[in-house]
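Below is one structure, written out as structure tokens; comments come after it.
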Ligand code: ATP
């Protein structure tokens with residue numbers, strides 16, 4: 001097994017903007033690290049640099065403390081599981097798994113190969129399918145064969161490139177659990193690329209969030225969710241996304257289009273000057289129909305009236321949508337900043353999570369409570385989380 005160290009890694013294709021821009025990460029032996037980010041953020045390029053399929057423009061890549069920048073992929077002893085499985089259709093499951101061992105000619109006897117293949121097959125519950133061809137397997141079974149090929153080589157680490165993106169939603173959920181269990185059981189260092197935040201949050205010990213080749217934050221899933229470093233991470237992690245509500249700093253309160261919200265303790269002393277605009281970060285679950293909030297809790301947050309455009313009932317909860325009046329001056333300022341930050345245009349709307357039995361409906365006013373203690377405050381100019 002292996003630790004993998006990325007030290008100021010840079011990848012440039014031609015003279016354009018670097019696809020990977022000064023990324024440093026220490027991946028511990030046995031750790032499950034997720035690389036996540038939107039399309040084009042450089043996550044696949046970074047994985048391909050680790051495995052040796054892509055040259056490193058600058059920086060160092062170390063495996064178990066040894067610099068491997070110039071080593072051929074096969075000398076790095078890492079195993080890659082691809083999105084399309086890369087199985088040989090004319091070979092049986094047994095031969096597909098045995099393939100990497102047969103490639104290293106003479107290194108393994110037939111008995112050794114047989115033992116390793118059967119061991120991998122039993123780890124992956126494929127014992128009964130060894131004589132089948134890939135065409136006669138389900139998507140999940142094909143995925144397991146691809147992993148069998150990785151296991152059989154006794155590789156130092158597994159590298160996964162969006163391995164589940166071709167599967168339907170249900171199977172993706174099952175395979176996610178299988179990969180998580182297998183990785184824990186084998187304790188093998190793994191780096192997993194995905195753009196799916198559910199995979200990122202459920203699989204990884206730590207998650208590295210990338211945007212335009214730059215590492216935004218690396219942390220445990222819980223820390224990313226609860227303490228996002230900036231607007232990008234805050235908006236990327238969580239579904240429905242965090243609400244960003246523009247507000248003016250006015251002494252001890254934020255003046256928002258929904259009313260005045262108190263400045264939470266964690267933001268005191270870190271705010272820009274009075275009159276400046278900030279973005280308040282409030283997750284949908286930080287809100288509730290005020291009728292469902294007991295006395296003691298009500299006083300720890302703020303209550304306001306809002307008109308709902310519509311609600312979505314999901315069975316176990318519901319979402320309510322509130323449009324607010326956007327001050328034209330604030331809008332102009334935010335549009336200008338959104339361009340600088342390459343963000344989306346901000347819609348004057350927030351989404352709140354309501355109890356499933358709430359009677360609040362679209363077209364009507366409702367009294368809403370918000371837990372302002374859990375509020376994040378972002379500097380719209382830098383995107384930085386000030387709390
Ligand atoms: P996706 O999820 O869409 O696969 P990604 O986050 O994995 O995206 P990369 O494939 O690593 O992103 O690409 C990062 C950037 O590098 C993109 O802007 C892409 O266009 C560019 N890029 C990738 N491969 C090449 C290449 N061979 N030549 C030139 N530019 C490339």
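Where a number appears in this text, it was derived from the coordinates with a stated rule and is not lab data. Predicted model, so just to flag it, every value in this text is computed and none were measured. No Cβ is skipped: glycine too gets one built from the backbone with ideal geometry, and neighbour counts run over all protein chains shown.
Annotations
- Estimated inter-spin distance, residue 355 and residue 82, nm [label 7 Å along Cα→Cβ]: 5.4 nm
- Panel order for 378, 292, 160, 308, by other beta carbons found within 10 Å of each beta carbon, from fewest to most: 292, 308, 378, 160.
- Stretching residue 321 away from residue 374 to a fully extended chain increases their span by 17.1 nm, per 0.36 nm per residue minus the current alpha-carbon distance.
- Each label point was placed 7 Å from the Cα along the Cα-to-Cβ direction; for residue 299 and residue 178 their separation is 5.5 nm.
- Legend: ranking of residues 201, 1 from fewest to most surrounding C-beta atoms inside 10 Å; resulting order 1, 201.
- Rel. contact order, % - alpha carbon contacts under 8 angstrom, at least six apart, the chain: 16 percent
- In this simple spin-label model, placing a label point 7 Å from the Cα along the Cα-to-Cβ direction at both residue 60 and residue 112 gives a separation of 3.3 nm.
- The chain - mean residue ellipticity at 222 nm from DSSP helices (-39,500 (n - 2.57) per run, n ≥ 4, rounded to 500): -8000 deg cm²/dmol
- Computed E for residue 274/residue 382 - FRET, C-beta separation, R0 25 angstrom, nearest 0.05: 0.85
- A Förster radius of 41 Å combined with the Cβ-Cβ distance from residue 105 to residue 222 puts the calculated FRET efficiency at roughly 0.30.
- Between 0 and 90°, nearest 10: helix 139-152 axis offset from the chain longest Cα axis: 60 degrees
- Max mean-square fluctuation residue, GNM over the chain, Cα-Cα springs under 10 Å, options 207, 249, 51: 249
- GNM result for the chain, Cα springs below 10 Å: residue of 225, 13, 94 fluctuating most strongly: 13
- Helix 169-186 and the long axis of the chain differ in direction by around 60°, with both axes built from C-alpha atoms.
- On the basis of the beta-carbon distance and an R0 of 25 Å, residue 255 and residue 312 show a calculated FRET efficiency of 0.25.
- Counting 0.36 nm for each residue step from residue 241 to residue 17 and taking away their Cα separation leaves a gain of 77.8 nm.
- Computed from the C-alpha gyration tensor, the three semi-axes of the ellipsoid equivalent to the range 256-334 are 25, 19, 11 Å, from longest to shortest.
- Footprinting exposure proxy ranking of 105, 71, fewest other C-beta atoms within 10 angstrom first, gives 105, 71.
- Counting only alpha carbon atoms, the long axis of helix 110-123 and the longest principal axis of the chain meet at about 20°.
- Taking 0.36 nm per residue of separation and subtracting the current Cα-Cα distance, fully stretching the chain between residue 169 and residue 136 would add 9.8 nm.
- Within a Gaussian network of the chain (alpha carbon springs, distance under 10 Å), most fluctuating of 366, 213, 37: 366
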